[in-house]
Amino acid sequence: MSKQQQIKAVRGMNDLLPPESALWARIEGICDELLGQYSYRRINTPVVESTALFARSIGDETDIVAKEMYSFEDRNGDSLTLRPEGTASCVRAGIEHGLFYNQQQRLWYRGPMYRHERPQKGRYREFFQLGAEAFGWTGPDIEAELIGLTDQLFKRLGLEQTELQINCLGDAAARQNYRAALVGYLQSFADQLDDDSKRRLDSNPLRILDSKNPDTQALLVGAPDILDFLSDTSKQHFEQLQQYLAELGIEFTINPCLVRGLDYYNDTVFEWINPDFGAQATVCGGGRYDHMVEQLGGPPTACFGFALGMERLVQMLQEQAADISQIIDNPDIFIVSIGNSARANALLLQQSLCREGVRVQLHCGAGSMKNQFKKADASGASLVLVIGEQEVEDGTVALRSLRQREEQQIIAQNEAVIAVTNRLESL
Ligand code: ATP
Ligand code: MG
């Protein structure tokens, strides 16, 4: 096949290869376990949804709906979209299956999301999110629970240098008043705004606060502060959340410019940010979105949730060389065998060892003793079991260390499993 014909992965979509796949699996395992410990239960929804779901929930004026969605017509002419995020699907599924009628739900999901963005480090067109959503609680306690959960998760993973920022966007009236004040302020600088922000001045001025353009950020220094527009209820709610976070020993800063990329939030929003990652600094973000369930046709339901970007999380762990990022999925032991009878013994031993939880790599195919030992070395295993003709005849195996200078041990075949597990334990 000529070079031109070679088919590559779609731009912005990644293959996950070994050994990094082992790191992902370990991280996912830790996430799943923690979510279960906090009583969150898994929900899976399809990758493809009706386009209308996202248009209605996320908001037409958001970057996602305006320019990032992978939407297409299927063979029936229905407009479908590869999900750009997971919350809308959770809400849709919850309504469809009656999960919100006189019930509270703690749910979590993980899976691929799709956004047509310019690919760069930490920003892809297919990326993975882990998300959790709590349905049916109005107070700041559930918010502290979920923020506390993310804090615990980062501690378990060993993620450092990540700061928590929180803000309160208030209720609809507060946002409306604030919006007017912000537009009034920004209009006097209209000629200095970039095109995106100019457009948003009419359509979605709060999003200007989220601008990544340093010139725009500089203009915002003197802008009115949303916290001055909050109702007493919102203020008390926000203060109680801060108290809970303090009790949990979680440090945070209040960032009045934090609005999040999606339109659906009210009151509390938060982000975990690693400042070393430029425009891809946010590893996890979330907030309260009390109106979405109703907007999509369900009963009024308070909601609070977050989404965490797995690629960014993995990169941050790798760049700070966290212990967990050293994980690789090497076998514990490699089995060298010469001849069909020895190979049959090797296959049986592999079965028995795997049953005991040992990770075993078997040499398959032809190969001299020397060649097999090279492979054993390259496998990263710490031990090697050797079964040659002599061993078959004697009913034995030879056990050797690949990393330490030690005499090899000759063991009866029926004692090999116990000998190997003992050796592995003593390493
Ligand atoms: P950003 O401001 O970085 O574009 P966002 O506000 O669009 O982020 P959310 O929709 O809140 O992001 O998604 C939650 C998390 O998912 C983000 O904080 C980030 O970690 C991750 N994420 C979002 N978009 C991408 C992407 N294109 N590639 C990789 N990860 C992403
Ligand atoms: Mg974005």
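Laboratory data are not the source of any read-out in this text; all were calculated from the coordinates shown. All values derive from a computational prediction rather than experimental measurement. Glycine gets a Cβ as well: all are built from the backbone with ideal geometry, and neighbour counts include every protein chain shown.
Exactly one residue out of ARG288, ARG200 is in contact (Cβ under 8 Å) with a residue 40 or more places away in the chain and either within 16 Å of ligand 2 (Cβ to nearest atom) or of a type in the set (Val, Ile, Thr) (or both): that is ARG200. Where strands (runs of 3 or more DSSP E) sit wholly within segment 28-100, those with at least 3 residues that are surrounded by 13 or more Cβ atoms within 10 Å (Cβ to Cβ) and either β-branched (Val, Ile, Thr) or out of contact with any Leu (no Cβ under 9 Å at 6 or more places or on another chain) (or both) occupy 79-82. Looking across segment 251-285 at every residue that is over 19 Å from GLY170 (Cα atoms), outside any helix (DSSP H, G or I) and within 21 Å of the chain's Cα centre (by Cα), the one that is nearest to ligand 2 (Cβ to nearest atom) is identified as THR282. Within segment 176-194, being crowded, with 18+ Cβ neighbours inside 10 Å and either at positive phi or not in a loop (DSSP other than H, G, I, E, B) (or both) holds for TYR178, LEU182, LEU186. With the condition kept exactly as written, say whether any residue in segment 286-301 is more than 10 Å from ligand 1 (Cβ to nearest atom) and hydroxyl-bearing (Ser, Thr, Tyr). The answer is yes; a qualifying residue exists.
Put simply, of ILE147, ILE208, ILE95 the only residue that is within 16 Å of ligand 1 (Cβ to nearest atom) and out of contact with any Phe, Trp or Tyr (no Cβ under 8 Å at 6 or more places or on another chain) is ILE208. Is it true that some residue in segment 293-301 is in a strand (DSSP E or B), in contact with a strand residue (DSSP E or B) (Cβ under 8 Å, 6 or more places away or on another chain) and hydrophobic (A, V, I, L, M, F, W, C)? The answer is no, given that none of the residues of segment 293-301 is in a strand (DSSP E or B), in contact with a strand residue (DSSP E or B) (Cβ under 8 Å, 6 or more places away or on another chain) and hydrophobic (A, V, I, L, M, F, W, C).
Among the residues making up segment 63-105, those that are within 16 Å of ligand 2 (Cβ to nearest atom) and hydrophobic (A, V, I, L, M, F, W, C) are ILE64, VAL65, ALA66, MET69, LEU82, ALA88. Checking ALA322, ALA307 one by one, the residue that is over 30 Å from TYR101 (Cα atoms) and surrounded by fewer than 22 Cβ atoms within 10 Å (Cβ to Cβ) is ALA322 and no other. Within segment 8-58, if we keep just the residues that are touching a residue at least 40 places away in the same chain (Cβ under 8 Å) and of a type in the set (Ser, Thr, Tyr), the residue that is nearest to HIS291 (Cα to Cα) turns out to be SER57.
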